[in-house]
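First comes the structure, then the notes that go with it.
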Amino acid sequence: MVNNARVDPKALVGEWNFERTIVDRIGGSTKRVVGQTAIEEKIDGRLRWYESGTLFDGDLELAVFRTLFIEQQDGNWAVTFEDGREFHEWNPGQDVEHLCGADTYRGRVDIEAATEGWSVEWTVSGPSKDYTMTTYLTRH
């Protein structure tokens, strides 16, 4: 691993393959997502983080996608949802937290040397949620 705190998110611009596992402790199941991530710099300086893939859950195959942005706020980078709501600070190598109603999302982004790959892990807990979602990304 590198000193994650010094990784400029612009170093992640490009195409990535990802594999994600979702371990659902309430349902007692493990789901898998395979797909692609594209991170591109927009004209306004934000980075658009777009994921598309297929969720595999038993016999179910479901197309999934989401868009996030990484943008500068008061001189620091932060991750926002597509609609502009705040998600979490961009602090690779450090734990972050996002409160969503009664649910708590605790996560971490880790980046490998020379940005050969990176990972994102979220542990989610709440009245009806108890799962860990781990995503590994490698250059396309």
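Derivation of every value follows stated rules applied to the coordinates shown; laboratory data play no part. Note that the structure is predicted; figures quoted are calculated from it, not measured. In this analysis, Cβ positions are derived from the backbone assuming ideal geometry, glycine residues included, and neighbour counts consider all displayed protein chains.
Summary table
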{"read-out": "Anchor K10: lysines whose Cα lies under 25 Å away (excluding residues fewer than 8 positions away in-chain)", "value": "K42"}
{"read-out": "Farthest toward positive dipole pole in the chain [+1 Lys/Arg, -1 Asp/Glu at C-beta], among M133, F65, V13", "value": "M133"}
{"read-out": "Extension reserve of the Q73-H140 stretch, reckoned as 0.36 nm per residue once the Cα distance is removed", "value": "21.2 nm"}
{"read-out": "Which labelled figure in [x] 1.00; [y] 1.49; [z] 1.05 is Cα Rg over 2.2 N^0.38 Å, once derived from the coordinates", "value": "[z]"}
{"read-out": "Given charges at beta-carbon only (K, R positive; D, E negative), |dipole| of the chain in Debye", "value": "120"}
